[in-house]
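Everything on this sheet refers to the single structure shown next.
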Amino acid sequence: MRRLAAVMLATAFAVLPLPPRPATAQGAPSPPCTFPRASLDRPDLPCATASWPVPGADAATQHAIDRGVAMMYGFNGGEARAYFKEALASHRRLHHGAELAFAWWAIAETYTIDINLPWTAATEKNGALAARNAAQALKPSDDSEMRDLVHAAVARFSGGTCPNELTAYGDRLGPAMARHHDRPNFLVVAGYALYTLDNLTDTDPAQQSACPLPAALAAHAMSEEVRHTTRDQAHHQKQILDGLARAEQLQPWNLGAHHLSIHENEYISNKNSPLAWQRARPDARALEGYGYPDGLSHLPHMAGHIFTRDGEYERTIRTNARALDNDHRYYREGDGEGQHYLDRYHTHDIDFVLYSLTTIGRNDEARAVVQGAFHASGASHGPPIEQYPNGRPLLSLLLRLHDDAQLPSPHPDEAIREPWREQLASLSAARQGAAKLALEIADPLSCAQKDATLALLVRAQIAKHRPGTAFRPYTCAGVPTPPIACARAVDCYAAAYALNRLAYSGDPKDYWMAPVGEGYGAALLAAGQAAGAEPVFRAELARFPNDPHLEWGLAEALKAQGKDDSVPRAAYKAHWKGAHDLTLDDLG
């Protein structure tokens, strides 16, 4: 059985020294493993554990609930629903067909807890049905926690508009956190609701809005409705952080708390406190240090969000290679709702591995990743990693390595309808000199995704590869957006950098396949503007420490000015693992 470990050699599963397994606030050990230890990817590590005691639940029902909660906290909604349905069936068998409000509520919650996919037509239909069933299943004996959760879910899935539903949901759960300060899972679930509430209509290109945005909003024009529903984010942030601190005091091993802490502290870093992400270092180490059953790959992946902030690229490779191997085994188990649900996160794991490998120069290993690991053991589900011509991993890698000769035809096939594929297709077309096609793809996409960076970056690529190309200004239809126009590559990069430099959500650097800041610094160097390149490379290194591309660029900028380049040059040589030294053509 070939795994990604074969590609990564010994590094894929090497684990750094870990702290001892935490105990509860009262000093008692965490509960027994939620999943069989033999089923964990690392049975030698403490097991990933979830526990949400439900009054009146028998042992079998409780066991299924706890497994479902673990999957829910790992954003595997499909697998979580399977366990919650198992809990329903178990409860019905023992109680003559009686329904269990918790299980129905939990099914509803799986359709909204995932902050990356909180509101779609499918989530609304299925979530509403589960919420109604939960309300009907409530019994006089159900406690106030259960009642508050169910009533909030009914408000969440009321059939209204996205902003109004999510606002009502957060407004019900947020105030209830004080009443349930001794219920760690309630605090965590409420925290996710408040986090989503703060992202209703986020105009930061690095943040994904919770609600589908009409074109006017997508182009940064806030409507009266959205302005009315904009909430006090500072208050929510305090509620979330206080709730997480209390939840981790009660359950130091709570997977949902660790997961949310990484997201929330990254979000605060982007908004008003650049170093807030450092508070999530213990959570990253915790998620790195558990053994996981198949289907929970997103949790070790999340540790990489913080490791990339620290410039620990080798550590990011290890955690995300492990996540990929978990995915591969999970896909071999079947083709169910859970597997389909994780498809989107699987490519995200690949991105982290490829980004980190290419950042430090392990390019041959990056090529090996996209050339075969996915179907090596007979997996039948999902697209192969090497999907051509428009597969995300391979096309991203070719762009990052400037392997323009291997890029597919700039004319996309009919499969290229998903935004991430269109983004890559526009960059690929620009690299190949197909300026008209590149702009036809990029400009409408920039409007729809409220991200003008793409339009400018594509123009920078065109100007770099086809100097003298004339660009016409454009505006998003019906939206008073300033026209976007530039002539030289360095000017296009400057405009893109101005938009993009503060937009970093903790994922691999924005446009890692054609990084904006790195490209801008390189364009300045190419234009003989070393004095301008120096502060750009310094600023990028503050956001992406230990990146040898940036260290090399800074050293070159200093050298061109006759300054001492020994410090960044030594850092570059320490961090760069490539077979050949970098050149200016390798940047951006």
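The values are calculated or read from the model by the stated rules, or taken from the named source; none is laboratory data. Here the structure is a predicted model, which is why all the values come from computation and not from measurement. Positions of Cβ are generated from backbone atoms using ideal geometry, with glycine treated the same way; all protein chains shown enter the neighbour counts. Quick note on the areas: whole protein, heavy atoms, side chains included, nothing else; ligands and nucleic acids left out. Shrake-Rupley method; radii C 1.70, N 1.55, O 1.52, S 1.80 Å.
Some observations on this one:
- Qualifying residue in the stretch 95-116 (condition: within 33 Å of the chain's Cα centre (by Cα), touching a residue at least 60 places away in the same chain (Cβ under 8 Å) and open to solvent by 30 Å² or more (accessible area, probe 1.4 Å)): yes
- Of everything listed in (1) over 28 Å from His575 (Cβ atoms); (2) open to solvent by less than 10 Å² (accessible area, probe 1.4 Å), the single unmet condition for Asp294 is (2).
- Count of the stretch 551-588 residues, restricted to those that are in a loop (DSSP other than H, G, I, E, B) and of a type in the set (Asp, Glu), is 3.
- Which numbered condition Ala533 misses (of (1) modelled with pLDDT of 95 or more; (2) part of a helix (DSSP H, G or I); (3) open to solvent by 10 Å² or more (accessible area, probe 1.4 Å)): (3)
- If you filter the stretch 151-167 down to residues that are of a type in the set (Gly, Ala, Ser) and more than 11 Å from Ala131 (Cα to Cα), you find that the one that is most open to solvent (accessible area, probe 1.4 Å) is Gly159.
A quick yes/no check of all residues on (1) touching a Ser or Thr at 6+ places or on another chain (Cβ under 6 Å); (2) surrounded by fewer than 21 Cβ atoms within 10 Å (Cβ to Cβ); (3) farther than 15 Å from Pro293 by Cβ; (4) modelled with pLDDT under 95:
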| site | (1), (2), (3), (4) |
| --- | --- |
| Ala5 | no, yes, yes, yes |
| Leu16 | no, yes, yes, yes |
| Pro22 | no, yes, yes, yes |
| Ala25 | no, yes, yes, yes |
| Ala48 | no, no, no, no |
| Val54 | no, no, yes, no |
| Val69 | no, no, no, no |
| Asn76 | no, no, no, no |
| Glu79 | no, no, no, no |
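- Met146 falls short on exactly one of the conditions (1) more than 30 Å from His348 (Cβ to Cβ); (2) modelled with pLDDT under 95, and that condition is (2).
- For the stretch 542-575, taking the residues that are surrounded by fewer than 20 Cβ atoms within 10 Å (Cβ to Cβ) and among the hydrophobic types (A, V, I, L, M, F, W, C), the one that is modelled with the lowest pLDDT is identified as Ala542.
- Residue check, His305 assigned to a helix (DSSP H, G or I) and surrounded by fewer than 24 Cβ atoms within 10 Å (Cβ to Cβ): no
- Test set (1) in contact with a Pro (Cβ under 7 Å, 6 or more places away or on another chain); (2) in a helix (DSSP H, G or I) - Ala498 fails condition number: (1)
- The combined condition, being open to solvent by 10 Å² or more (accessible area, probe 1.4 Å), in a helix (DSSP H, G or I), closer than 16 Å to Tyr520 by Cα and of a type in the set (D, E, K, R), is fulfilled by Lys464.
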